[in-house]
Amino acid sequence: MSSIKEYFASVGSGIKSLVRGMEVTGKELVTPKITECYPENRESLKISDRFRAELTLKYDDEGHHKCIGCGICQMNCPNGTITLQTKMVDLPNGKKKRQLDKYFYDLGSCTFCMLCVTSCPQDALEFSNDFEQAVFTRDKLVKQLNYRPEPEPEPVAVAPAPEAAPAPKPAAEKPEAPVNPENK
């Protein structure tokens, strides 16, 4: 007899579960639908500010990027998405300094964890909201972030040497008096 009670109890719980599922489905059936008309609505499409799409370098108004080539972002990347190439340059004062040569970023293997952005001591990296990154081959997902040429440094203006004092004029002979045509 207990098996018959268990049978009807399980049938009752099954019917209760079915009614609950149909209730959720019924609510969704009458909820108004929102259709995104992408790509027609690109101008009015609102992307969340927190959306992470592609890593970019920050540039200032003069065209210089903030990256100093320290390599902390490359070390903190969990899957090797970032690769830096640096070079040594001579400064005007005779010292040498490491400078960023090429900054490669593999969008196809990025996990968008943002460890590179948060660990950058110069605040040189950020994620953009540009979500349209579809390409036909994976090798096009490897991008060089410092694609802009660095502006040439302005030459240091050297102060002009002080001019030598003008040479004294030789003692001139007594100037002649102006000739008046009436006195002739």
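The values are calculated or read from the model by the stated rules, or taken from the named source; none is laboratory data. Note that this is a predicted model, so its numbers are computed, not measured. Note that we place each Cβ from the backbone using ideal geometry, even for glycine, and neighbour counts take in every protein chain shown.
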For Ile47, state whether it is out of contact with any Leu (no Cβ under 6 Å at 6 or more places or on another chain), over 15 Å from Leu100 (Cα atoms) and either in the same structural domain as Cys116 (by TED's automatic domain parsing) or not in a helix (DSSP H, G or I) (or both). yes
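Go through segment 69-110 and count every residue that is of a type in the set (D, E, K, R) and surrounded by 10 or more Cβ atoms within 10 Å (Cβ to Cβ). So that I can check it myself, show each step before the final result.
First, the residues of segment 69-110 that are of a type in the set (D, E, K, R): 87, 90, 95-98, 101-102, 106.
Subsequent filtering for residues that are surrounded by 10 or more Cβ atoms within 10 Å (Cβ to Cβ) retains 87, 97-98, 101-102, 106.
Qualifying residue count, segment 69-110: 6.
For segment 56-73, what are the residues that are hydrophobic (A, V, I, L, M, F, W, C) and not in a helix (DSSP H, G or I)?
Once the filter is applied, which keeps residues that are hydrophobic (A, V, I, L, M, F, W, C) and not in a helix (DSSP H, G or I), segment 56-73 yields Leu57, Cys67, Ile68, Cys70.
Can you pull out the residues in segment 49-63 that are within 22 Å of Tyr105 (Cβ to Cβ) and in contact (Cβ under 8 Å) with a residue 12 or more places away in the chain? First the steps, then the outcome.
Step one: of segment 49-63, the residues within 22 Å of Tyr105 (Cβ to Cβ) are 49-60, 63.
The answer is Asp49, Phe51, Arg52, Ala53, Glu54, Leu55, Thr56, Leu57, Lys58, Tyr59, Gly63.
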